[in-house]
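S.K.: Quick one: this structure, given as structure tokens, is what I'll be asking you about.
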Amino acid sequence: MATLKRITPCLWFDDQGEEAARFYTGIFRNSRITSVIRYPEAGQEVHGKPAGSVMVVHFQLDGHPFSALNGGPIFTFNEAVSLQVNCETQEEIDYYWEKLGAGGDPKAQQCGWLKDRFGLSWQVVPRGMDE
């Protein structure tokens, strides 16, 4: 029986949830998409999404569960929440900085903080900064 993960971050996207999940799982080892749930015919008057389009993508990053919700343009990411990537070596720092920052806003990439191409904030930090 699978162990229940008590807390799962849900990331709200306009309509790029599956693209983002593929992007993130391509960067982190031990990562995968676990399921894709699509919008049904019912409820289109509420959600306004085409039936069959991606609603939620469940995925794991380095074994940690995440969800990506395609909820529309109502909400966007800001710096109030960021995800930390704790690194052991300068090589790891450079790898995650380059991969996560690819296509992101260069003006939002400084001092270990960056925004990826979806606008999600990340902190790429060396060991000891997370303690």
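The values are calculated or read from the model by the stated rules, or taken from the named source; none is laboratory data. Note that the structure is a prediction, hence the values are computed from the model and not measured. Using ideal geometry, Cβ is built from the backbone for each residue, glycine included, and neighbour counts are taken over all protein chains shown. Side chains are part of the model used for accessible areas, which takes the heavy atoms of the whole protein and leaves out ligands, DNA and RNA. Shrake-Rupley method; radii C 1.70, N 1.55, O 1.52, S 1.80 Å.
S.K.: What is the residue count in segment 35-54 for residues that are among the hydrophobic types (A, V, I, L, M, F, W, C) and in a loop (DSSP other than H, G, I, E, B)?
M.R.: We begin by selecting, within segment 35-54, every residue among the hydrophobic types (A, V, I, L, M, F, W, C); these are 36-37, 42, 46, 51, 54.
Narrowing the set further to residues that are in a loop (DSSP other than H, G, I, E, B) leaves 42, 51.
Selection size over segment 35-54: 2.
S.K.: Taking residue 42, is it within 19 Å of residue 15 (Cα to Cα) and touching a helix residue (DSSP H, G or I) at 6+ places or on another chain (Cβ under 8 Å)? So that I can check it myself, show each step before the final result.
M.R.: Working: within 19 Å of residue 15 (Cα to Cα): yes; touching a helix residue (DSSP H, G or I) at 6+ places or on another chain (Cβ under 8 Å): no.
Here the answer is no, as residue 42 does not meet what is asked.
S.K.: Still on this structure, I have one more. For segment 111-128, which residues satisfy the criterion of being assigned to a strand (DSSP E or B), under 17 Å from residue 68 (Cβ atoms) and open to solvent by 30 Å² or more (accessible area, probe 1.4 Å)?
M.R.: Correct list: 115 only.
S.K.: Going by the conditions given, is residue 14 at positive phi, surrounded by fewer than 17 Cβ atoms within 10 Å (Cβ to Cβ) and of a type in the set (D, E, K, R)? Even if it seems obvious, please write down each step before you answer.
M.R.: Working: at positive phi: no; surrounded by fewer than 17 Cβ atoms within 10 Å (Cβ to Cβ): yes; of a type in the set (D, E, K, R): yes.
Judged against the criteria, residue 14 is not a match.
S.K.: Also: Determine the pairs where a residue that is open to solvent by 70 Å² or more (accessible area, probe 1.4 Å), located within segment 70-99, has a partner that is modelled with pLDDT under 95 and of a type in the set (D, E, K, R) with Cβ atoms under 7 Å apart, the partner being 6 or more residues away or on another chain.
M.R.: Matching pairs, first to second residue: 84/130; 86/127; 86/130; 88/127.
S.K.: Looking at (1) part of a loop (DSSP other than H, G, I, E, B); (2) under 29 Å from residue 128 (Cα atoms); (3) among the aromatic types (Phe, Trp, Tyr), find the lone condition where residue 75 falls short.
M.R.: Among (1) part of a loop (DSSP other than H, G, I, E, B); (2) under 29 Å from residue 128 (Cα atoms); (3) among the aromatic types (Phe, Trp, Tyr), residue 75 violates only (2).
S.K.: Report, by residue number, each residue of segment 46-69 that is surrounded by 13 or more Cβ atoms within 10 Å (Cβ to Cβ) and touching a helix residue (DSSP H, G or I) at 6+ places or on another chain (Cβ under 9 Å).
M.R.: Passing the criteria: 54, 55, 56, 57, 58, 59, 60, 61, 66, 67, 68, 69.
S.K.: Moving on to the next point. If we keep just the residues of segment 17-45 that are over 13 Å from the mean Cα position of the chain (by Cα) and farther than 23 Å from residue 73 by Cβ, which is most open to solvent (accessible area, probe 1.4 Å)? Even if it seems obvious, please write down each step before you answer.
M.R.: Looking only at segment 17-45, we keep the residues that are over 13 Å from the mean Cα position of the chain (by Cα), and these are 29-30, 34-45.
In the following step, the residues that additionally are farther than 23 Å from residue 73 by Cβ were identified as 29-30, 34-35.
Details: 29: 179, 30: 108, 34: 63, 35: 42 Å².
So the residue we want is 29.
S.K.: Further question: Would you confirm, using the coordinates I've provided, whether residue 7 is within 19 Å of residue 113 (Cβ to Cβ) and either touching a Pro at 6+ places or on another chain (Cβ under 8 Å) or in a loop (DSSP other than H, G, I, E, B) (or both)?
M.R.: Numbers: within 19 Å of residue 113 (Cβ to Cβ): no; either touching a Pro at 6+ places or on another chain (Cβ under 8 Å) or in a loop (DSSP other than H, G, I, E, B) (or both): yes.
Considered against the rule, which asks whether it is within 19 Å of residue 113 (Cβ to Cβ) and either touching a Pro at 6+ places or on another chain (Cβ under 8 Å) or in a loop (DSSP other than H, G, I, E, B) (or both), residue 7 comes out as no.
S.K.: If I ask for residues that are open to solvent by 60 Å² or more (accessible area, probe 1.4 Å) and touching a Leu at 6+ places or on another chain (Cβ under 8 Å), which ones from segment 1-11 would you list?
M.R.: Of everything in segment 1-11, just one residue is open to solvent by 60 Å² or more (accessible area, probe 1.4 Å) and touching a Leu at 6+ places or on another chain (Cβ under 8 Å), namely 10.
S.K.: Which residues, counting only those in segment 10-30, are under 18 Å from residue 101 (Cβ atoms) and in a loop (DSSP other than H, G, I, E, B)?
M.R.: Within segment 10-30, 16, 26, 27, 28 qualify.
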